[in-house]
Amino acid sequence: MTSQLVIRSSSGTVQIPELGVTIEPGSASEAYVSNVEGVLCRVEEVITMATKWSSNDPGKTELGNQLLDMIDSVRKGESTMTLVIDDPFGNSAIISSRAKRRALSESEACTLKTGILTVDVSPKKCD
């Protein structure tokens with residue numbers, strides 16, 4: 001596994017589709033700079049904790065262990081995963097020759113959580 005640079009701003013949403021993982025920013029979300037393995041470590045920690053919490057549910061435990069095995073397979077270079085960062089403000093990036101960059105459509109950007117609290121104070125007309 002090569003070590004691409006991952007820059008996730010406080011408004012970036014991280015996804016790993018193969019794992020079904022989406023990490024959305026919250027109001028206390030902090031930016032970080034890491035590499036792909038660092039992102040996988042963060043995800044692995046959460047999955048490990050959730051798997052322990054669900055030890056009374058064999059189905060959830062099995063799923064957690066399958067996801068951990070998938071991460072291990074990527075670490076060993078036996079398989080690949082896709083890392084996606086969507087950031088409506090464009091402040092996140094994956095620095096790699098293999099990374100693809102594209103602008104989000106307005107509808108895509110509108111559906112993302114930004115971790116920023118906004119209040120609309122414009123006058124509203126009531127029907």
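The values are calculated or read from the model by the stated rules, or taken from the named source; none is laboratory data. If you're wondering where the values come from, they're calculated on a predicted model, not measured in any experiment. In this analysis, Cβ positions are derived from the backbone assuming ideal geometry, glycine residues included, and neighbour counts consider all displayed protein chains.
Just one of the numbered conditions (1) at pLDDT below 90; (2) under 21 Å from Gly20 (Cα atoms) is not true of Ser122; which one?
Every listed condition holds for Ser122 apart from (2).
Given the conditions (1) over 18 Å from Ile95 (Cα atoms); (2) among the β-branched types (Val, Ile, Thr); (3) more than 12 Å from the chain's Cα centre (by Cα), which single one is not true for Val21?
Of everything listed in (1) over 18 Å from Ile95 (Cα atoms); (2) among the β-branched types (Val, Ile, Thr); (3) more than 12 Å from the chain's Cα centre (by Cα), Val21 misses just condition (3).
Can you pull out every residue in the stretch 67-86 that is free of Cβ contacts under 8 Å to residues at least 24 places away in the same chain and under 14 Å from Glu45 (Cα atoms)?
Result: Asp69, Asp72.
Looking at (1) touching a helix residue (DSSP H, G or I) at 6+ places or on another chain (Cβ under 7 Å); (2) more than 22 Å from Gln4 (Cβ to Cβ); (3) surrounded by 13 or more Cβ atoms within 10 Å (Cβ to Cβ), which is the only condition Ser55 fails?
Just one mismatch for Ser55, condition (3).
Name the single residue, out of those in the stretch 24-41 being within 11 Å of the chain's Cα centre (by Cα) and at pLDDT below 90, that is surrounded by the fewest Cβ atoms within 10 Å (Cβ to Cβ).
Checking each candidate, the answer is Glu24.
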